Every structure is written in structure tokens, then in C-alpha cells.
1. Can you give me the relative contact order of region 177-240 as a percent, contacts being Cα pairs under 8 Å and 6 or more apart?
2. Computed FRET efficiency, Cβ-Cβ of Ile86 and Glu181, R0 25 Å: what is it to the nearest 0.05?
3. With 23 Å as the limit, write out which pairs from Lys30/Lys228; Lys113/Lys209; Lys19/Lys231; Lys13/Lys217; Lys13/Lys216 have Cα-Cα distances beyond it, or answer none.
4. Grab the beta carbon distance between Leu131 and Glu208, set R0 = 25 Å, and tell me the FRET efficiency rounded to 0.05.
5. Among 217-227, 185-195, how do they line up from the highest to the lowest mean number of other beta-carbon atoms within 10 Å?
6. How far apart, in nm, are two points set 7 Å out from the Cα along the Cα-to-Cβ line at Lys329 and at Ala289?
7. Among the GluC sites (Glu not before Pro) in region 87-148, which ones are in a DSSP loop with at most 13 other Cβ atoms within 10 Å of the Cβ? Mind listing them?
8. What spacing in nm lies between the two simple spin-label points modelled at Lys13 and Asp196, each 7 Å away from Cα in the Cβ direction?
Amino acid sequence: MSTPQAVTDALDKLGDADKAVIELYIDELKHQIIELGGEIEDDCDGDDDDDDSMPPLEGNEPDADDEGPVEGATMEKDSVSDFPPIYESGEDMDKAMECKMQASDLKSTGDYKGAVDKYTEAICAAQPSALTYAGRAECLFNVNRPCAAIRDCDEAIKLNPDSAKALRVRGRAHRAVGNWELARKDLSAAQSIDFDDTAMADLKFVTEKVSEIEAKKVKERLAEEEKKKKKIAEIKKAQEEAKAAAEREQAERASPSSSGMPGNMPMPGMPAGMPTGMNDLFNDPDVMAGLQNPKIMAAFQGMMTGGGMDMSKIQKLMTDPETAGFMQKIIGKMGGSMGGMSGMGGMGGMGMPPGGFGGAGSGDDDMPDLDDGDYDDMPDLE
């Protein structure tokens, strides 16, 4: 049973994980139908006029891709071109009766090939009975022509669906070529009509073969289902990981920088509890551009050590031509926020003029004079 095109189109619109789930569910439904005794038929063109009681013949026609006899089979399949003719027309009942008697005699002596020829004459002379076709089928089977025997049994069962002999011979022929399931079906039907000890042994053999086949199919089905489930789990895991990564990336883009440094990296040497102005400061592009200078970065980190800002180092930076401009910009942007920083008590918010510390000598003895030129004790930043 093929999947309808509309269903296939709908499946193609699904994601890989959802599609795999639906396909697995469809496969499980098919297996359940088979296990409950239903049949999954393949689509075919045209009408089937065959009798419903007739199981399909397998392997009667030669096949270039035939892989050879089935393991456990006892006969090779014969070609349809070697099948003896069946009845077409004729009403010579006397000849048919005489040939059947001769065929019976030959069969009793073990001359099955001669019996086949006489049965063929009888069948072509007049409308044969189911028993006549079954008799020739038995002889064909005994000369290792199992597929021809199956065809004759098919003709016999068309005439009499309850022909135990035809069912038994056909079951044995199917068993000989390895059609285990068809053999079990025919032999079971024959035994229910007319029990036979020899057929019972054949039935036991093919039943065991069918059980092996069914167990193998179940194992393969379970393995395939496990493979599909694993694939579904892998797809779902990949989707969940991709979703989580996207959510993390979105959250990182949405959240403000905690330190102002690129990539939210903490500023080395920054003391805890820095005022809000410092965060804004490090979001300033001019300040960040200045920090790209290794000397400025090293100096800036050095003045922030010890849990607060070292004013002596700030004064040193203000006199260095390479860092003075940057420090002027820092002080101007921070404004009064510097007064709340650790180590800056008594600075009164450090309301510095745009010119920097040049006017700082207003009587505050704690503030070193930047104009005295005595910097010999100050560490060299270079």
C-alpha cells in the first residue's frame, strides 16, 4: 500500500523531526494490520479476475535476477515454457477415460513421466475433473517440476476449492521451492479436509520455517523502529540546542554591558561598587578608543589598584603629554561622580575646570602642587 500523494505532500512540508515521527507511526500501523491478520496490498493497474481462494504463484516464470534456490528448498523452479498444456476444447470422453486409466497404471509402477503424458492426453481430449488435474500435478511433482505441479493444482482448485489432494500437492510443491507461507496455508487447509500423516510432517516443517521468518521480520522491524526513534531524538536534541543557543545570543544582545568593556569583559583593577558614571564612561567610544593604547591602558589600570584611585598617579598622568589629553577627557566626563569613589573623600566632587588640575592649588594642603616640578619620587609608567 503506497502512501497517497496528498499525504506525501503534507509530510514534505513538515520538519525532519515531525516527518520522522509520522513515518514511524505509519509503519507501526502497517505492522499492526499484518499482525491482526490483515493484508497490505501493493497498488496495481487493472482488475484482478483471479479466484480469491487462489494464492499467487511465486517464481513460475524465469527471472534473470533470480538469486537461486531458497535455503531449505529441495527443488529448483521449472520454467513456465515447460508447462504441459491444459484443456481448451474437446468432448472425446471415451479417449479421456482410457488415457486416465493408462496414466493411473503408469503412476502405480513409478513411471511418472509416462503418466504425465497420458494425463495430458486425457486433459486435452475432454473437460477434465479437478481430480485429473491433481493426478497430473502429483506426477509432475515427482519428476521435479514443482511449478508446473502448482499450476495444475491451481486449475483443480478452480474446479473444486475443497480438493484436499490438490491443496496437499500444491502445499508440498510450495514447500519444495521454499514458499514457506504458501505451503503452510495449503497444507493446513488440506489437513482440515482430509488428515494425512505424511502431510503432517511437511506442515510441521514449514510452520517452523514461517516462525523463523516472522521472528526475523519482527527483529528487523524493531531495529528499524529503534533507528528511527534514535534519529528523531537526535533531530530534537539538535533543534533544542539550536533554540537554546539562539535564546542565549538574543539575551546577550538585549542585556546592557555590566562593565562597559567590549564583550562584557570586566575592567582589570576596577574596585567593587564603582558608581554608575563609571559604567557610562566605558560606553563612551572616545574613551574606549583611548584604552586601545597599551600605555594608557596600563596606566589606567595602575591608578585603580589598592581599592581606590591613587591621586599621585592621576597627577603623574596629567603631566604626561601622551596621557594628559585622555585624563582630561576622563575627568570631564565623570564630573561629580568621582566624589563617591573609594579613596576620593574630601575632594568635594572634584569640580575641576576644563584645564585639568592647573588651578588645584587653592589652599588644600592634601593636594600636591602640580607646578613644583618635583616628580622624582613618582614611578615611571614607561
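1. RCO, region 177-240: 32 percent.
2. That pair, Ile86 with Glu181, gives E of 0.45.
3. As for pairs spanning more than 23 Å Cα to Cα, those are Lys113/Lys209; Lys13/Lys217; Lys13/Lys216.
4. On the way: r = 31 Å, r/R0 = 1.25.
Calculated value: 0.20.
5. Descending packing order for the listed peptides: 185-195, 217-227.
6. 0.6 nm
7. Working: sites: Glu88, Glu91, Glu98, Glu121, Glu138; in loops: Glu88.
Hits after loop and neighbour filter: Glu88.
8. 5.9 nm
The values are calculated or read from the model by the stated rules, or taken from the named source; none is laboratory data. Because the structure is a prediction, the values reported are computed rather than measured. Don't worry about glycine lacking a Cβ; one is built from the backbone with ideal geometry, like all the others, and counts go over all protein chains shown. Areas reflect the complete protein model, heavy atoms only, side chains present, ligands, DNA and RNA absent. Shrake-Rupley method; radii C 1.70, N 1.55, O 1.52, S 1.80 Å.
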